[in-house]
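Visitor: Let me begin by handing over the structure; questions about it come next.
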Amino acid sequence: MNSFYKCNELTAIAIVLRYHKQWQQNDIDALTGHFFQQYPFLEKKEHSEGADIESVRFTWNNKDFTLFFECYSDSIWIDSTEGNSAKLLAKLQHKINNLKEVI
């Protein structure tokens, strides 16, 4: 399995991700595909497009999260609006960081 994404940072409100190469807004469909390919335990729900930001809602362990792509700053992050979101984000980051590469 290819590792397209790396967790750069965990904050109280988000998991900050880094993609393995530069991207533009017209790449977001491919980036989304790579994300769910790399993390198949996440269930994609809904993709929303905006002028310079796009989001993809997904679930993990029956909890809602959102993956954001902000084009002007090349920023990618995950947040959650669930109660205890800091704890949920920490658990999700732990799961993401502890995936074993499949060769």
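Visitor: Which of the residues belonging to region 39-55 are under 14 Å from L92 (Cα atoms) and not aromatic (F, W, Y)?
Guide: P40, L42, E43
Visitor: Name the one entry in F4, F58, F65, F35 that is without any contact (Cβ under 8 Å) to a residue 24 or more places away in the chain, hydrophobic (A, V, I, L, M, F, W, C) and surrounded by 12 or more Cβ atoms within 10 Å (Cβ to Cβ).
Guide: Only one candidate passes the filter, namely F58.
Each reported figure results from applying straightforward, stated rules to the coordinates on display, with no laboratory input. Because the structure is predicted, anything quoted here is derived from the model rather than measured. For neighbour counting, all protein chains shown are included, and Cβ atoms are generated from backbone atoms with ideal geometry for every residue, glycine included.
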